[in-house]
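The values are calculated or read from the model by the stated rules, or taken from the named source; none is laboratory data. Since we're looking at a predicted model, the values are computed, not measured. Note: ideal-geometry Cβ built from the backbone for every residue, glycine included; neighbour counts use all protein chains shown. In case anyone asks, the SASA skips ligands and DNA or RNA and just uses the protein heavy atoms, side chains included. Shrake-Rupley method; radii C 1.70, N 1.55, O 1.52, S 1.80 Å.
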Amino acid sequence: MIRLQDIRKVNDYEWEIPATYRSDMRASVRLFVTRRLLEASLEDLSLEQAINAATLPGVVDPVVVMPDMHQGYGFPIGGVAATRVSDGVVSPGAIGYDINCGVRLLASQIPYEQALPYLDNLASALNRYCPSGVGTEGEYRLSHEELDQVCRLGARWALKRGLASEEDLRRTEEGGCLEGADPNKVSHKAKERGRTQLGTLGAGNHFLEVDVIEQIFDPEAAQAMGLQEGNLALLIHCGSRGFGHQICTDYVQDLQSAVKKYGIHLPDRELVCAPINSPEGRDYLAAMRAAANYAFCNRQLLAHAARRAFEEVFAGKVRNWHLHQVYDIAHNMGKIETHIVNGKPLKVCVHRKGATRAFGPGFPELPEEYRHLGQPVLVPGSMGTASWVLIGTETSMQRSWGSTCHGAGRVLSRHKAKKEIRGERLRDELEKRGIHVRAGSMSGLAEEAPQAYKDVDEVVETVAGAGIARKVARLRPVAVIKG
Ligand SMILES: Nc1nc2c(ncn2[C@@H]2O[C@H](COP(=O)(O)O)[C@@H](O)[C@H]2O)c(=O)[nH]1
Ligand SMILES: [Mn+2]
Ligand SMILES: [Mn+2]
């Protein structure tokens, strides 16, 4: 097991596990942490998993871990690994089961003071309009042909049906649609799960949350995003539901034979992978992109439902109840990107698992209105603490594969949280603090208690201190809907 003395301090926010630490490593591990967060990370297997990731064929120096890291399936949540497209591998475990789990932020012109008398109704309306819970089915029951269209079109499927605006799509990563998705590479079982779950929130860590924009740190960026202190905003955290989960399950199993076929040595079976340029690797990427498009469409439909809830509650009560899209960004995804390595452009597959793309200024991938500033980054904290809006930087392009943190990150396992925290008590405490709660189950709520997560402000201070993101705004929750 790795010890503190094996890790080299670069500065107060950056540490390194050298590639010489273990003989099978092909890259170093760069950690964006304070000493306190680093010591805490030694309590689970996240650093061992990052070291294992540094052995993947074609991995490019360095593997990166973020301050919100914690142990995941084969690869740490909060991890980023780039592999060369020419001779590297793609690994489903390094992208995650909830393919394109991500966050969308919508903002309003509704002042909190005016909204206060209606917040309880708003929580109920959001709960009614946005179906949630384990395995819940939604109002869109798709034929197999329509599901294939969702896989190919992503959020554009919603635009064609009047359930999205051009602005929504423009302010979504990749315009809400990844090229190269192929529903023919998705199993029948995954399609059966996906057909009825579109437009649903799910359960557990997924949520809809009304926040107040509490403090602005970067007035220019906040203005471009339409964020004004004291107004309401809405966060949506959700992914590809049972559809993406089944796709990951299928390929984690199927690719075991590719590992043998291509003679890949793995320190952990859970890091199962296939060469990017192999039939097996290409099939996984095509299926993964189908799930990513499903998730973009899913968050779009949830945003549409949330707008209906806002209209029902606020029409005639406030002057303007419209929710405009700020941005939508994935935090579990594999993307083919070109990065500058040793002064030259290199095409790599960037695996981000529990890490957010955070492109700096000037990238054509960004919508015109944000291009001179950098990409908005959305960092939820917990239902009882702050959440953050950040922005990508030039440093993130140089130091972290254009990536930054994605949340606070867990400190308590679900099991421990359920044992230590009473859901009813937590709900009462939150309600007393003016946070309206709707939850599918009290034990589910306990698993998601603020105490189950790290301090999001400390995580954000770390990425800001390291320069791999900049602060734009801090949000405070006032109503939360959990499945
Ligand atoms: N604002 C809120 N943030 C929350 C809530 N529940 C969890 N979280 C944060 O989201 C990230 C998402 O991470 P994931 O790996 O589970 O996708 C997590 O780390 C928490 O910090 C909530 O109810 N509201
Ligand atoms: Mn998820
Ligand atoms: Mn997530």
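Gly226: modelled with pLDDT of 95 or more, on the phi > 0 side of the Ramachandran plot and not aliphatic (A, V, I, L, M), yes or no? In short, yes.
Within the bounds of region 136-145, is there any residue that is open to solvent by less than 40 Å² (accessible area, probe 1.4 Å) and within 23 Å of the chain's Cα centre (by Cα)? Looking through region 136-145, at least one residue is open to solvent by less than 40 Å² (accessible area, probe 1.4 Å) and within 23 Å of the chain's Cα centre (by Cα).
Selection within region 430-439: residues that are on the phi < 0 side of the Ramachandran plot and touching a residue at least 24 places away in the same chain (Cβ under 8 Å). The member of this set that is most open to solvent (accessible area, probe 1.4 Å) is Arg433.
All conditions in (1) within 16 Å of ligand 1 (Cβ to nearest atom); (2) without any contact (Cβ under 8 Å) to a residue 12 or more places away in the chain hold for Leu232, with the sole exception of (2).
Selection of region 406-432 for residues being touching a Ser or Thr at 6+ places or on another chain (Cβ under 8 Å) and within 16 Å of ligand 3 (Cβ to nearest atom) yields His406, Ala408.
Looking only at region 386-403, residues that are surrounded by fewer than 24 Cβ atoms within 10 Å (Cβ to Cβ) and outside any loop (DSSP other than H, G, I, E, B) come to 5 in all. Are any of the residues in region 468-483 open to solvent by 30 Å² or more (accessible area, probe 1.4 Å), free of Cβ contacts under 8 Å to residues at least 24 places away in the same chain and either within 12 Å of ligand 1 (Cβ to nearest atom) or more than 22 Å from Arg35 (Cα to Cα) (or both)? Checked region 468-483: no residue is open to solvent by 30 Å² or more (accessible area, probe 1.4 Å), free of Cβ contacts under 8 Å to residues at least 24 places away in the same chain and either within 12 Å of ligand 1 (Cβ to nearest atom) or more than 22 Å from Arg35 (Cα to Cα) (or both). Here Ile213 passes the criteria (1) among the β-branched types (Val, Ile, Thr); (2) away from ligand 2 (no atom under 16 Å from the Cβ); (3) open to solvent by less than 10 Å² (accessible area, probe 1.4 Å); (4) in contact with a helix residue (DSSP H, G or I) (Cβ under 7 Å, 6 or more places away or on another chain) except the one numbered (4). In summary, strands (runs of 3 or more DSSP E) completely within region 1-78 and bearing 1 or more residues that are closer than 22 Å to Thr356 by Cα and charged (D, E, K, R) occur at 14-17, 29-31, 59-70.
Look at (1) farther than 30 Å from Ala107 by Cα; (2) open to solvent by less than 10 Å² (accessible area, probe 1.4 Å) and you find that Phe243 fails only one, number (1). Considering region 117-128, and only residues there that are open to solvent by 10 Å² or more (accessible area, probe 1.4 Å) and within 18 Å of Val318 (Cβ to Cβ), the residue that is farthest from the chain's Cα centre (by Cα) turns out to be Pro117. Cβ-Cβ distances below 7 Å connect the following pairs, each with a first residue in region 86-113 that is within 13 Å of Val252 (Cα to Cα), a second residue that is among the hydroxyl-bearing types (Ser, Thr, Tyr) and open to solvent by 10 Å² or more (accessible area, probe 1.4 Å), and a separation of six or more residues or different chains: Pro92/Tyr251; Gly93/Tyr73; Tyr97/Tyr73. For residues in region 257-275 being β-branched (Val, Ile, Thr) and outside any helix (DSSP H, G or I), which is surrounded by the most Cβ atoms within 10 Å (Cβ to Cβ)? Only one residue tops the list, namely Val272. Put simply, of Glu229, Glu209 the only residue that is within 16 Å of ligand 3 (Cβ to nearest atom), more than 23 Å from Val89 (Cβ to Cβ) and out of contact with any Gly (no Cβ under 8 Å at 6 or more places or on another chain) is Glu209.
A single member of Leu234, Leu198 is among the hydrophobic types (A, V, I, L, M, F, W, C), open to solvent by less than 30 Å² (accessible area, probe 1.4 Å) and closer than 19 Å to Ala158 by Cα, and it is Leu198. Being farther than 16 Å from Ser400 by Cβ, surrounded by 18 or more Cβ atoms within 10 Å (Cβ to Cβ) and away from ligand 1 (no atom under 16 Å from the Cβ) is the requirement here; does Leu366 meet it? Against the criterion (farther than 16 Å from Ser400 by Cβ, surrounded by 18 or more Cβ atoms within 10 Å (Cβ to Cβ) and away from ligand 1 (no atom under 16 Å from the Cβ)), Leu366 qualifies.
Starting from residues that are under 23 Å from the mean Cα position of the chain (by Cα) and of a type in the set (S, T, N, Q), keep the ones in region 416-475 and report whichever is nearest to Tyr327 (Cα to Cα). Checked region 416-475; the qualifying residue nearest to Tyr327 (Cα to Cα) is Thr462.
Selection of first residues in region 200-228 that are farther than 19 Å from Ile435 by Cβ and of second residues that are modelled with pLDDT of 95 or more and within 13 Å of ligand 2 (Cβ to nearest atom), restricted to Cβ pairs under 6 Å at least 6 apart or on distinct chains, gives the following pairs, ordered by first then second residue: Gly202/Arg241.
Only a single item in (1) within 16 Å of ligand 3 (Cβ to nearest atom); (2) modelled with pLDDT of 95 or more is not met by Ala190, and it is number (1).
Pull up region 23-73, narrow it to residues that are of a type in the set (Asp, Glu) and open to solvent by 10 Å² or more (accessible area, probe 1.4 Å), then point me to the one that is farthest from the chain's Cα centre (by Cα). Ranking the qualifying residues of region 23-73, first place goes to Asp24.
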